[in-house]
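I have placed the structure first, in the form of structure tokens, so that the comments after it can refer back to it.
The values are calculated or read from the model by the stated rules, or taken from the named source; none is laboratory data. If you're wondering where the values come from, they're calculated on a predicted model, not measured in any experiment. Neighbour counts run over all protein chains shown; Cβ positions are idealised from the backbone, glycine included.
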Amino acid sequence: MIGFQIGASVKSKMWVQENWVSLGKKLLSLYPDINIVLTGAPNEKYLTDEIESKINDKRVLNVAGKYSIGGAAALISKLSLLITPDTGPFHMAVALGVPTVSFSVWTNEEEFGACYDKNIHYHIKKPIICDVCFERKCKNPICMEQITVENILKILNQKAFNEIHNKKQN
């Protein structure tokens, strides 16, 4: 099971929805034995509903808003991998030892980032291209558009992901 954490605390940390759809379709095509679990808070369910509908595959399970924090931690602990922006669920996954691919633009990793094992936690960081992010007032997170499906697929195609995938199957 691969988790997709769709939402984030502010819009400037959220990835483009079309990218989630494209990534989901590509992963389901490349790995016919995986399932994708869409996670999120109750107020993010409208986002996961749209992504689930657009991916349109029975291997996508939308659980946004269905779990308490403790339940979400239990679910995350069962994932083979969590793909996520810089969010609370990312930090949960790190604490639980669940491999992650995370991404951000404006988070200062040295100040706010998790202390994590870089052998199982991969982070994509792109530069800020405007100043609004720092004020958390961004309404159009163009900075996040720099993070592409290909950036994530490149990480997932590395030997480390294949080892994680194979280990979880056995």
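Computed quantities for the displayed model
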{"quantity": "Residue list for the range 97-116, filter: of a type outside the set (Phe, Trp, Tyr), modelled with pLDDT of 65 or more and surrounded by 16 or more Cβ atoms within 10 Å (Cβ to Cβ)", "calculated": "Val98, Pro99, Thr100, Val101, Ser102, Ser104, Val105"}
{"quantity": "Top-ranked residue of the range 117-149 - restricted to ones that are part of a loop (DSSP other than H, G, I, E, B) and under 19 Å from Thr39 (Cβ atoms), ranked as modelled with the highest pLDDT", "calculated": "Ile147"}
{"quantity": "Condition met for Ala74 (more than 16 Å from the chain's Cα centre (by Cα), modelled with pLDDT of 90 or more and of a type in the set (Gly, Ala, Ser))", "calculated": "yes"}
{"quantity": "Residue tally, condition over 18 Å from Leu61 (Cβ atoms) and either among the β-branched types (Val, Ile, Thr) or more than 13 Å from the chain's Cα centre (by Cα) (or both), over the range 1-21", "calculated": "6"}
{"quantity": "Filter result (in contact (Cβ under 8 Å) with a residue 40 or more places away in the chain and surrounded by 14 or more Cβ atoms within 10 Å (Cβ to Cβ)) within the range 13-33", "calculated": "Lys13, Met14, Trp15, Val16, Asn19, Ser22, Leu23, Lys26, Leu27, Tyr31"}
{"quantity": "Residue in the range 15-29 that is under 19 Å from His91 (Cβ atoms) and either among the small types (Gly, Ala, Ser) or out of contact with any Asp or Glu (no Cβ under 8 Å at 6 or more places or on another chain) (or both) present", "calculated": "yes"}
{"quantity": "Residue count for the range 54-78, restricted to those that are within 15 Å of Ile34 (Cβ to Cβ) and either in contact with a Pro (Cβ under 7 Å, 6 or more places away or on another chain) or buried (at least 20 other Cβ atoms within 10 Å of the Cβ) (or both)", "calculated": "2"}
{"quantity": "Output for the range 1-12, where each listed residue is surrounded by fewer than 17 Cβ atoms within 10 Å (Cβ to Cβ) and hydrophobic (A, V, I, L, M, F, W, C)", "calculated": "Met1, Val10"}
{"quantity": "Qualifying strands (runs of 3 or more DSSP E) (wholly inside the range 1-84; at least 3 residues being farther than 19 Å from His121 by Cβ)", "calculated": "60-62"}
